[in-house]
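What follows is a single structure, written as structure tokens, with notes after it.
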Amino acid sequence: MIIGTAGHIDHGKTTLVRALTGVETDRLPEEKRRGISIELGYAYLQDGDVSLGFVDVPGHERLLHTMLAGATGIAHALLIVAADDGVMPQTREHLAVLALLGVARASVAITKTDRLDAQQAGARLAQVRRDVQALLAPTALADAPIFEVSAATGQGIAALREHLLAAARLQAAASAPAPGAQASPMQEQAAPAPAFHMPIDRAFSLAGVGTVITGTVAAGQVQVGDELAIAPGPDGSARRVRVRGIHAQNQPAQTARAGQRCALALAGAARDEVRRGDQACPPAIALATSRIDVLCQLWPDEARELRSGSPVHVHLGTADVVASLVLLDRPALAPGETALAQLVLRGSVAAWHGSRGVLRDASATHTLAGVRVLDPFAPQRWRRTPERLAQLAALALPDRAERLAALLAHSPLGMPLEQTARAEGLASAAALPLPADAIHIDNGALAVTPAALQALQQQALAQLQAFHTRSPDEIGPDARRLKRLAAPRASDALWQHAIAQLLAGGTLARTAHWLHLPEHAARLSAAEETLAQRLRPLMLQGAFDPPWVRTLAGDLGAPEALVRQTLASLARRGEAFQVVKDLYYPAATLERLAAIARQCQAAPEGLQAAAFRDATGLGRKRAIQVLEFFDRVGFTRRVRDAHLLRPGTALFSQDSGGTG
């Protein structure tokens with residue numbers, strides 16, 4: 001069991017740890033000279049098969065960032081209050097940190113009882129007890145037992161030591177499986193083992209060993225020979241390392257597991273490439289994020305509300321990063337309230353779903369709130385939409401299977417499985433306990449519910465019907481243009497899957513690159529087919545300047561209305577396109593013009609009206625009309641005076657079988 005000390009400066013934390021373990025945790029010359037803890041100290045106590053690891057933290061207010069690094073991962077808090085001083089400011093601050101980090105088990109030691117006057121000792125100790133109980137009452141640590149001790153005389157030390165050892169035995173018994181119990185395959189699938197990760201609180205070099213990192217293992221287990229990553233890394237890219245050796249609970253070991261103090265000897269990283277605040281984890285879950293969605297609780301004793309946009313110091317794991325707090329579901333957070341929020345960091349951290357942290361004010365002098373990570377891949381846009389808030393409410397659920405089912409149900413555009421597994425701290429997307437009816441797309445990279453897929457398809461059909469109503473003379477949009485109309489945020493894989501199903505079911509039809517409803521396809525009458533055979537060569541002969549409807553009617557001696565009707569039917573078949581009213585271009589001619597547009601795009605001046613005019617030999621007005629047509633059908637897009645080809649489009653290419 002890992003025990004973290006907490007309490008005001010000079011209340012005897014280090015002295016008490018030495019009395020309990022016989023180990024001096026102040027190791028720096030400056031600490032010995034000044035008689036105070038400056039850095040984290042560590043001590044261990046072994047009793048049979050039970051091992052206690054103590055993390056001794058500084059008590060000075062200016063060193064609270066160091067205390068926060070030490071508080072990460074502790075299972076049991078040892079709150080220390082000096083009998084002569086009683087509850088002091090850092091006692092309250094340290095308790096706030098423990099409560100906000102979710103530490104649920106603690107013991108209290110009232111130290112320095114030997115310094116009390118013998119006649120007034122009883123009354124003084126009773127008063128300190130009452131103060132401590134009142135301090136703990138509103139927290140989850142209200143029932144913490146209180147011990148009166150003196151490191152100088154040894155009073156109460158043995159009783160406190162036995163209590164901590166007994167607590168460790170109870171913890172071990174609670175975490176061990178029942179004798180003979182075996183998890184069923186269904187249970188194993190529903191509760192996959194989390195991947196190893198450990199916040200790094202120290203990094204140093206040892207002669208003959210190399211770089212060594214220490215920390216409290218937050219999840220999973222590691223063994224000698226494993227490949228790990230140091231995340232986020234100085235440039236946001238995790239560095240690969242190999243575990244050469246392990247010390248767990250101050251003993252050489254082949255493995256280390258969650259809850260243990262651990263030292264890892266690494267191969268592949270120099271001392272200056274690892275820092276406090278990094279995380280050691282398998283490469284499969286390594287991440288670097290600067291935008292995190294969290295559940296934020298303002299400390300009840302805070303005097304003022306916390307407003308959106310407030311600058312804060314974020315302590316996550318052993319990292320300390322400056323950030324802006326953005327409240328997502330309200331403009332301000334009152335003391336004691338909990339809200340959904342986004343942390344926009346001025347640096348990168350590695351954090352996973354469920355990671356806990358603490359927020360301090362901009363000057364890093366006052367603890368404000370606690371946070372629990374919901375999504376380390378927080379979006380910059382649409383972060384306050386009802387859809388996103390519903391997703392965050394789902395992510396706040398404690399049970400993983402229930403959480404993922406709710407998240408999937410509120411993800412109309414699908415759930416990226418690799419990213420979700422990484423956020424959950426799972427080494428493989430196959431370990432995600434998804435609902436049985438989830439549809440897997442893109443070789444298993446994306447999951448979507450049947451209802452969401454059907455809703456997307458209905459939206460596509462509705463937008464296509466609206467397109468036909470607006471432009472009855474056009475055959476329809478290509479797949480990319482319809483996606484921009486119906487579901488611009490959908491992934492290409494999800495969109496292609498939805499369209500492929502509609503095409504396979506006959507609900508949707510495709511002619512060359514263009515999609516349309518089956519009933520929208522034009523069928524030429526005998527008169528139209530006869531006239532079309534005469535129109536086609538005349539339009540092709542016109543090259544880049546085909547004749548207008550009136551000219552065609554005069555040349556062929558046909559009624560202008562019939563010519564216009566026939567050309568509209570050819571347009572619905574994808575054979576011709578109306579660039580401007582009563583001016584139709586054959587598809588083959590537009591393919592040639594599109595090829596010239598691609599050549600202009602590759603030139604230094606880009607695709608502009610003047611360059612396109614010169615390349616085609618058209619007049620400026622006609623060149624602009626053709627470019628505007630390309631913009632309208634989605635082949636290009638206008639950006640100031642230039643027209644940029646949309647990436648990936650197959651419009652007007654010779655490959656008529658593409659998906660657009």
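In the set 212, 241, 222, only one residue is in contact with a Leu (Cβ under 8 Å, 6 or more places away or on another chain) and over 15 Å from residue 282 (Cβ atoms); that residue is 212. Answer yes or no as to whether residue 81 is assigned by TED's automatic domain parsing to the domain that holds residue 140, surrounded by fewer than 24 Cβ atoms within 10 Å (Cβ to Cβ), within 14 Å of residue 9 (Cβ to Cβ) and at pLDDT 90 or above. No, not satisfied. When 400, 360, 384 are checked against the criterion of being charged (D, E, K, R) and buried (at least 21 other Cβ atoms within 10 Å of the Cβ), a single residue qualifies: 360.
Checked against (1) of a type in the set (A, V, I, L, M, F, W, C); (2) touching an Asp or Glu at 6+ places or on another chain (Cβ under 9 Å); (3) closer than 28 Å to residue 517 by Cα, residue 423 passes all but a single condition, namely (3). Taking first residues from segment 513-538 that are exposed (fewer than 13 other Cβ atoms within 10 Å of the Cβ) and partners that are assigned to a strand (DSSP E or B) and at pLDDT 90 or above, the Cβ contacts under 7 Å between residues at least 6 apart in sequence or on separate chains come to 518/509.
Per the conditions (1) modelled with pLDDT of 95 or more; (2) in contact with a helix residue (DSSP H, G or I) (Cβ under 9 Å, 6 or more places away or on another chain); (3) crowded, with 21+ Cβ neighbours inside 10 Å, the sole criterion not satisfied by residue 409 is (3). State the number of residues belonging to segment 200-232 that are in contact (Cβ under 8 Å) with a residue 60 or more places away in the chain and under 15 Å from residue 274 (Cβ atoms). Residues in segment 200-232 being in contact (Cβ under 8 Å) with a residue 60 or more places away in the chain and under 15 Å from residue 274 (Cβ atoms): 12 in total.
Selection over segment 315-337 of residues that are surrounded by fewer than 24 Cβ atoms within 10 Å (Cβ to Cβ) and either touching a Gly at 6+ places or on another chain (Cβ under 8 Å) or within 26 Å of residue 199 (Cα to Cα) (or both) gives a count of 6. Scanning segment 516-538 for residues that are at pLDDT 90 or above and not in a helix (DSSP H, G or I) returns 516, 517. Find the strands (runs of 3 or more DSSP E) located wholly in segment 302-379 whose residues include 2 or more that are within 20 Å of residue 72 (Cα to Cα) and over 17 Å from the mean Cα position of the chain (by Cα), and list them. The strands (runs of 3 or more DSSP E) meeting that bar are 311-316, 319-327, 356-360, 367-375.
In the condition set (1) farther than 23 Å from residue 71 by Cβ; (2) modelled with pLDDT under 95; (3) within 16 Å of the chain's Cα centre (by Cα), residue 291 is compliant with all but (2).
Looking at segment 489-511, can you tell me whether even one residue there is surrounded by fewer than 17 Cβ atoms within 10 Å (Cβ to Cβ), in contact with a strand residue (DSSP E or B) (Cβ under 8 Å, 6 or more places away or on another chain) and outside the structural domain of residue 564 (by TED's automatic domain parsing)? Checked segment 489-511: at least one residue is surrounded by fewer than 17 Cβ atoms within 10 Å (Cβ to Cβ), in contact with a strand residue (DSSP E or B) (Cβ under 8 Å, 6 or more places away or on another chain) and outside the structural domain of residue 564 (by TED's automatic domain parsing). Scanning segment 192-225 for residues being part of a strand (DSSP E or B), crowded, with 20+ Cβ neighbours inside 10 Å and of a type in the set (Phe, Trp, Tyr) gives a total of 0.
Taking segment 539-557 as the range and being within 59 Å of the chain's Cα centre (by Cα) and either at positive phi or in a helix (DSSP H, G or I) (or both) as the test, the residues that pass are 539, 540, 541, 543, 549. Only one residue in 576, 595, 571, 611 is hydrophobic (A, V, I, L, M, F, W, C), assigned by TED's automatic domain parsing to the domain that holds residue 632 and surrounded by fewer than 18 Cβ atoms within 10 Å (Cβ to Cβ). Which one? It is 595. Taking the criterion of being buried (at least 21 other Cβ atoms within 10 Å of the Cβ), of a type outside the set (A, V, I, L, M) and under 21 Å from residue 449 (Cα atoms), the only residue of segment 465-488 that qualifies is 483.
Give me the residue from segment 425-446 that is in contact with a helix residue (DSSP H, G or I) (Cβ under 7 Å, 6 or more places away or on another chain) and of a type outside the set (A, V, I, L, M) and, out of that set, farthest from residue 287 (Cα to Cα). Checking each candidate, the answer is 437. When the test is whether a residue is more than 15 Å from the chain's Cα centre (by Cα) and either surrounded by 16 or more Cβ atoms within 10 Å (Cβ to Cβ) or not aromatic (Phe, Trp, Tyr) (or both), residue 448 passes it.
The values are calculated or read from the model by the stated rules, or taken from the named source; none is laboratory data. What you see is a predicted model; the values in this text were computed from it and never measured. So basically every Cβ, Gly included, is an ideal-geometry build from the backbone, and we count neighbours across all protein chains shown.
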